[in-house]
2 protein chains.
Amino acid sequence: MSTPGDLGTRAGRKRRAILDAAATVFLRNGYVGTSMDEIAALAEVSKQTVYKHFSDKERLFTELVTTTVREASDPVHEEVLSLRDSGDVEADLRDVARRQLVKVMQPQVLALRRLVIGEVARFPQLGRTFYELGPGRTMAAMATAFERLAERGVLRVDDPSLAAEHFNWLIMSTPLNRAMLLGDDEPPSRVELERYADAGVRVFLAAYPAARTTSA
Amino acid sequence: MSTPGDLGTRAGRKRRAILDAAATVFLRNGYVGTSMDEIAALAEVSKQTVYKHFSDKERLFTELVTTTVREASDPVHEEVLSLRDSGDVEADLRDVARRQLVKVMQPQVLALRRLVIGEVARFPQLGRTFYELGPGRTMAAMATAFERLAERGVLRVDDPSLAAEHFNWLIMSTPLNRAMLLGDDEPPSRVELERYADAGVRVFLAAYPAARTTSA
DNA sequence: TCGGAACTAGACGGTACAGTACCATGGTAG
DNA sequence: CTACCATGGTACTGTACCGTCTAGTTCCGA
């Protein structure tokens, strides 16, 4: 009859409220910095109800993280896949790079990344999940796209996986690592992010040149 | 008379023992996962003595992190500076890259990085310190080295800071980010690290070409 | 309308831990 | 040798919080 995630039922709504509250509090205060009472209060739900839906703090936390990562990563994944049929590699790489960077630099995604990294010792599985659903999946998709582009002769790539790594990190490393350590009180503007992305693409194309369809 | 750090005095030895124990426990269990009793026990010192040397847990933690980062970062910094007078840019870049990568991938450095990232919300200053003493300082040194090499005409670089960022992250991103999220149960071998470093240098030199002193 | 399931509110046991208080003791300077 | 300060050992205070329990209340379907 009723699915746990069904928002039509009362149980479904409560469950969603708890997950939303948990996201807010965990991302702000970290795993140990968060109390179940706080989550219950913010969700406007009794603590008993929290424990009815999630057997304990760990499960609530892991479930929250996995669903959040999956949701955040899906759209990026789609766009990367579409790269394989690109008609204008340079322009499309720039597009993908810009959009991907903006996604990754959202404050809540950054907070989630910090959180998972900080808890890798306590929750090793969570780190794996984050990697596989996030950067790992994106780079795998990118590698297959590069492979296809190489077959079509529009991009010179010998090791697609390595190229995907290089592309990915040329775009994201500078702003991402700064954000990890410097916090996001003064996040880079959209324009700055585009500069990082474009510069990364430039370097990438110098090493993995695109064959232009239209010559000068 | 006596300096706090002087290992000759009894107080100095105790202080060092406390810092060593703190390093072990904090790096293994994180900030909140560590109790002052644990540190005192491992240092074979009474808790009273711990509080005599460090007014509270926060100060002990921050003092530990700053001294550790500084110590780990100094040798890398030296070597990067010496790049400016390189006679064989390609070979020397490869050398620097390999050594830098090995340093950064040491388990305790990785643990420290995870720890600082996870605590950025609680200790923003610590993140800044880590960045400025670690990657920030290295990349600044690298930028001045590149600038000098460009003046000498042996490397084509227009924006030295950007080039330093690109170099740094081309080398380190892949193994570093994997380590951050996947833990270091199965750390990459020295050979694998060298492959990452060499591949990064290759891409870097494609975008920022070196003028060869000796031609084929 | 009615019965059962889901929910609320709050107390409670158990545990862990930061930081303090107190006093005995041992090394060290003078 | 002695006075004294650093240290050891340990008990203690206060707090926080997980997870459980109880007792009463509200929602919803039949």
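Within the range B:183-216, which residues are in a loop (DSSP other than H, G, I, E, B) and at pLDDT below 95?
Answer for the range B:183-216, where residues must be in a loop (DSSP other than H, G, I, E, B) and at pLDDT below 95: B:Gly183, B:Asp184, B:Asp185, B:Glu186, B:Pro187, B:Ala211, B:Arg212, B:Thr213, B:Thr214, B:Ser215, B:Ala216.
Within the range A:27-53, can you find the residues that are more than 7 Å from DNA strand D (Cβ to nearest atom), more than 14 Å from chain B (Cβ to nearest Cβ) and either in contact with a Phe, Trp or Tyr (Cβ under 9 Å, 6 or more places away or on another chain) or hydrophobic (A, V, I, L, M, F, W, C) (or both)?
A:Ile39, A:Ala40, A:Ala41, A:Leu42, A:Ala43, A:Val45, A:Val50
Tally time: how many residues in the range B:118-156 are facing another protein chain (nearest Cβ under 10 Å), of a type in the set (A, V, I, L, M) and in contact (Cβ under 8 Å) with a residue 40 or more places away in the chain?
Of the residues in the range B:118-156, 1 are facing another protein chain (nearest Cβ under 10 Å), of a type in the set (A, V, I, L, M) and in contact (Cβ under 8 Å) with a residue 40 or more places away in the chain.
What about B:Arg16, is it within 14 Å of chain A (Cβ to nearest Cβ), part of a helix (DSSP H, G or I) and more than 8 Å from DNA strand D (Cβ to nearest atom)?
no
Restricting the search to the range B:42-67, which residues are part of a loop (DSSP other than H, G, I, E, B) and surrounded by 16 or more Cβ atoms within 10 Å (Cβ to Cβ)?
Of everything in the range B:42-67, those that are part of a loop (DSSP other than H, G, I, E, B) and surrounded by 16 or more Cβ atoms within 10 Å (Cβ to Cβ) turn out to be B:Val45, B:Phe54.
Only one residue in B:Leu149, B:Leu170 is within 21 Å of the chain's Cα centre (by Cα) and not aromatic (Phe, Trp, Tyr), so which one is that?
B:Leu170 is the lone residue from the list that is within 21 Å of the chain's Cα centre (by Cα) and not aromatic (Phe, Trp, Tyr).
Tell me which of these A:Ala121 doesn't satisfy, since it passes every other one: (1) crowded, with 17+ Cβ neighbours inside 10 Å; (2) within 21 Å of A:Ala163 (Cα to Cα); (3) at pLDDT below 95.
(2)
Can you tell me which of B:Ile18, B:Ile39 is of a type outside the set (Gly, Ala, Ser), away from DNA strand C (no atom under 11 Å from the Cβ) and buried (at least 19 other Cβ atoms within 10 Å of the Cβ)?
B:Ile18
How many residues does the range A:185-207 contain that are of a type in the set (Ser, Thr, Tyr) and either without any contact (Cβ under 8 Å) to a residue 60 or more places away in the chain or at the interface with chain B (Cβ under 8 Å from one of its Cβ atoms) (or both)?
1
Checking B:Lys57 against (1) among the charged types (D, E, K, R); (2) under 21 Å from B:Leu126 (Cα atoms); (3) under 23 Å from the mean Cα position of the chain (by Cα), which single condition isn't satisfied?
Going through the list (1) among the charged types (D, E, K, R); (2) under 21 Å from B:Leu126 (Cα atoms); (3) under 23 Å from the mean Cα position of the chain (by Cα), B:Lys57 breaks only (3).
Answer yes if at least one residue in the range B:73-82 is under 19 Å from B:Val25 (Cα atoms), buried (at least 19 other Cβ atoms within 10 Å of the Cβ) and in contact with a Gly (Cβ under 6 Å, 6 or more places away or on another chain), and no otherwise.
no
Mind checking which pairs have a first residue in the range B:82-102 that is polar (S, T, N, Q) and a second that is part of a helix (DSSP H, G or I) and at pLDDT below 95, Cβ under 6 Å, 6 or more apart or different chains?
Qualifying pairs under 6 Å: B:Gln100/B:Val76.
Could you figure out which of (1) within 14 Å of chain B (Cβ to nearest Cβ); (2) within 18 Å of A:Leu19 (Cβ to Cβ) isn't true of A:Asp56?
(1)
The values are calculated or read from the model by the stated rules, or taken from the named source; none is laboratory data. Predicted model, so just to flag it, every value in this text is computed and none were measured. Positions of Cβ are generated from backbone atoms using ideal geometry, with glycine treated the same way; all protein chains shown enter the neighbour counts.
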